[in-house]
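Only one structure is covered here, and it is reproduced in the block below.
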């Protein structure tokens, strides 16, 4: 019978060696690169995750829209089903669609705050089909100022009205304190405020004569009905009961207005 005797010092060394091995294994697991493939190749030295296939793709999470993602991390990437494209979060806002050239009719993503807007082609013009909602809300009792920050009013000082109808802006704020026609103003990059001639162009495209478009005050027939949208927000009347209501693709809403004394009026009736 062979008897092996281990003294305490030997046992202690064995324990230390085992602990060291476990630590090394754990360390390797924490820092290991991962390769997913069918050819057994190692991951590229620059990649933590290297996926390789000749006939399969990488399917990222598909979300209803990016606003459904709570507290996104910078660099997070998803497929946005609302805009039908890949988008990533830069730590502040969601990106425009990746690898996709914008065409009128696509959803416009405002890179300043990540809000999305439908667009529509009418004749030779491309229009944002929805009211713009950009800026920091200020109380209706105060004038908007040239302070480097886009400011907006929300009807009744209620932010939910901006979410529904868009923001309200004083002329100078809208123009961003320049007087040049067709300026960008508060619009997203690549867009501009329409000139009077551009308004006439769309009015004529929707049915007015040149003489009617050149007039002032109330003019035309049902062109306003064609430009309006979201019928439940309008009062029952000639505009929303017209057979051509909403047919232009625009969705202009009755956002109301701010009076010079700081009060609000006309929501549901005027825009």
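The values are calculated or read from the model by the stated rules, or taken from the named source; none is laboratory data. Quick caveat: nothing in here was measured; it's all calculated off a predicted structure. Cβ coordinates were reconstructed from backbone atoms using ideal geometry, including for glycine residues, and neighbour counts include every protein chain displayed.
Could you please find all residues in region 251-262 being more than 18 Å from residue 173 (Cβ to Cβ) and part of a loop (DSSP other than H, G, I, E, B)?
251, 253, 254
With the condition kept exactly as written, say whether any residue in region 240-250 is within 26 Å of residue 172 (Cα to Cα) and either touching a residue at least 24 places away in the same chain (Cβ under 8 Å) or in a helix (DSSP H, G or I) (or both).
yes
Does at least one position in region 147-159 carry a residue that is part of a loop (DSSP other than H, G, I, E, B), touching a residue at least 12 places away in the same chain (Cβ under 8 Å) and surrounded by 18 or more Cβ atoms within 10 Å (Cβ to Cβ)?
yes
Yes/no per residue for (1) over 24 Å from residue 190 (Cα atoms); (2) in contact (Cβ under 8 Å) with a residue 60 or more places away in the chain; (3) in the same structural domain as residue 206 (by TED's automatic domain parsing):
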| residue | (1), (2), (3) |
| --- | --- |
| 37 | yes, no, no |
| 44 | yes, no, no |
| 62 | yes, no, no |
| 70 | yes, no, no |
| 73 | yes, no, no |
| 85 | no, no, no |
| 97 | no, no, no |
| 107 | no, no, yes |
| 115 | no, no, yes |
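Just checking, does region 137-149 include any residue being closer than 24 Å to residue 224 by Cα, modelled with pLDDT of 95 or more and out of contact with any strand residue (DSSP E or B) (no Cβ under 7 Å at 6 or more places or on another chain)?
Looking for residues that are closer than 24 Å to residue 224 by Cα, modelled with pLDDT of 95 or more and out of contact with any strand residue (DSSP E or B) (no Cβ under 7 Å at 6 or more places or on another chain), one finds none in region 137-149, hence no.
Within region 184-209, how many residues turn out to be surrounded by 16 or more Cβ atoms within 10 Å (Cβ to Cβ) and either under 20 Å from the mean Cα position of the chain (by Cα) or part of a loop (DSSP other than H, G, I, E, B) (or both)?
Qualifying residue count for the region: 9.
Mind checking whether some residue in region 111-132 is at pLDDT 95 or above, more than 24 Å from residue 69 (Cβ to Cβ), in contact with a strand residue (DSSP E or B) (Cβ under 6 Å, 6 or more places away or on another chain) and outside any strand (DSSP E or B)?
So far as region 111-132 goes, yes, one or more of its residues are at pLDDT 95 or above, more than 24 Å from residue 69 (Cβ to Cβ), in contact with a strand residue (DSSP E or B) (Cβ under 6 Å, 6 or more places away or on another chain) and outside any strand (DSSP E or B).
Name every residue in region 160-169 that is free of Cβ contacts under 8 Å to residues at least 40 places away in the same chain and surrounded by 14 or more Cβ atoms within 10 Å (Cβ to Cβ), in order of residue number.
162, 167, 169
Based on what the data block shows, is residue 99 over 14 Å from the mean Cα position of the chain (by Cα) and under 30 Å from residue 257 (Cα atoms)?
no
When you check residue 114 against the structure, is it surrounded by fewer than 17 Cβ atoms within 10 Å (Cβ to Cβ) and at positive phi, yes or no?
It is false that residue 114 is surrounded by fewer than 17 Cβ atoms within 10 Å (Cβ to Cβ) and at positive phi.
For the structure I just gave you, tell me whether residue 209 is in contact with a helix residue (DSSP H, G or I) (Cβ under 7 Å, 6 or more places away or on another chain), in the same structural domain as residue 155 (by TED's automatic domain parsing) and closer than 23 Å to residue 121 by Cβ.
Spelling it out, it is not the case that residue 209 is in contact with a helix residue (DSSP H, G or I) (Cβ under 7 Å, 6 or more places away or on another chain), in the same structural domain as residue 155 (by TED's automatic domain parsing) and closer than 23 Å to residue 121 by Cβ.
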